[in-house]
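Notes for the one structure printed next.
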Amino acid sequence: MKTALITGGAQRIGAQITQTLHKHDYNVIIHYRHKKQVATALSQMLNRKRPNSATTLQAELSNVDSIQTLSASIHGLDVLVNNAAIFYPTPIAYANHDSWQQIINTNLMAPFFLSQSLATTLAKNNGCIINIVDIHAQRPLKNYPIYSISKAGLLMMTQALARELAPKIRVCGVSPGSILWPEDTELDNKQKNKILKKIALSKQGSTQDIANTVLFLINSPYITGQIINVDGGRTLSQ
């Protein structure tokens, strides 16, 4: 039985990845930051399906010591999914050092040092790392410069670590397009339609689309250093 750690694995895209890997016979470690009840509920549901197959771990990923504590508690791992991220607007006129640190540390620093600290156990199992990037790593989102910078760094980190950690560990990325509307930003129908018109397939994707791509990369032993856009053709529009 293989084991996967999914950061931010209790909700939204992370929860779908967790459930999909569990369905395909992985034991899952569900990382959460604040949503203990949500993570516990998901873990309990999965354990009812297969006893002792899901556990939860809390960690503040913007803190290096917390990352090291989390890593030290894991003694066997086949897959690391760096999914956890912070997303909120930081227009250049209002951006500050605190928001820079919070977003960059969570979205970029944490995946790097988790990958570093878990590399030994992943290498023992010829494991892989999947980073959830974003199409805005290549086409910045207006009013979200720090977020866009963090994801651009994660894209390059995916390629850099694919070279650094080969041949024992593969590293790939998945870049979602419009999958879920933001939780903390209310968009009216006009704004949503404007976004949808830029998508070749004229619709949002689903969290299952992302989870399926993660599973595909995990099961593709001759792919490393690649980032797949799952965006319905959004990046075809300049």
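Taking amide H as placed 1.01 Å from N in the peptide plane, the amide H of VAL230 sits under 5 Å from that of SER175, GLY177, each at least 5 places away or on another chain. At a Cα cut-off below 30 Å, give the lysines reachable from LYS124, other chains included and same-chain residues fewer than 8 away excluded. List returned: LYS2, LYS23, LYS49, LYS151, LYS168. A straight Cα-to-Cα reach below 16 Å connects LYS36 with the aspartates and glutamates GLU60, residues fewer than 8 places away in its own chain not being considered.
Peptide packing: for 205-214, 77-86, the average count of neighbouring Cβ atoms within 10 Å per residue gives the ranking 77-86, 205-214, highest mean first. Dividing the radius of gyration of the alpha carbons in the range 4-123 by their Kirkwood radius gives 1.00 for Rg/Rh. Across the range 7-23, rounded Karplus estimates of 3J(HN,Hα) from the backbone phi angles (6.51 cos²θ - 1.76 cosθ + 1.60, θ = phi - 60°) give 6, x, x, 9, 8, 6, 4, x, 5, 5, 4, 4, 5, 5, 5, 4, 4 Hz, Gly and Pro being marked x. This model, with +1 at the C-beta of Lys and Arg and -1 at the C-beta of Asp and Glu, gives the chain a dipole about its Cα centre of some 600 debye.
For the chain, what's the relative contact order in percent, using C-alpha pairs closer than 8 Å and at least 6 residues apart? Walk me through the numbers before you get to the answer.
Working: 448 pairs, mean separation 44.8, N = 238.
Worked out over the chain, it gives 19 percent.
Here the 3J(HN,Hα) profile of the range 107-115, calculated from phi with Karplus coefficients 6.51, -1.76 and 1.60 at θ = phi - 60°, is 7, 10, 4, 4, x, 5, 6, 5, 4 Hz, Gly and Pro shown as x.
Applying the Karplus relation 6.51 cos²θ - 1.76 cosθ + 1.60 with θ = phi - 60° to the range 179-184 yields 3J(HN,Hα) values of 10, 10, 5, x, 6, 9 Hz, where x marks Gly and Pro. Ranked by the mean number of other Cβ atoms within 10 Å of their residues, highest first, the peptides 227-237, 8-18 fall in the order 8-18, 227-237. Using the empirical formula 2.2 N^0.38 Å as the baseline, the Cα radius of gyration of the chain reaches a ratio of 0.98.
Every number here is computed from the coordinates shown, using simple stated rules; none is lab data. These numbers come from a predicted model, not from an experiment. FYI the Cβ positions are ideal-geometry reconstructions off the backbone, even for glycines, and counts take in every protein chain you see.
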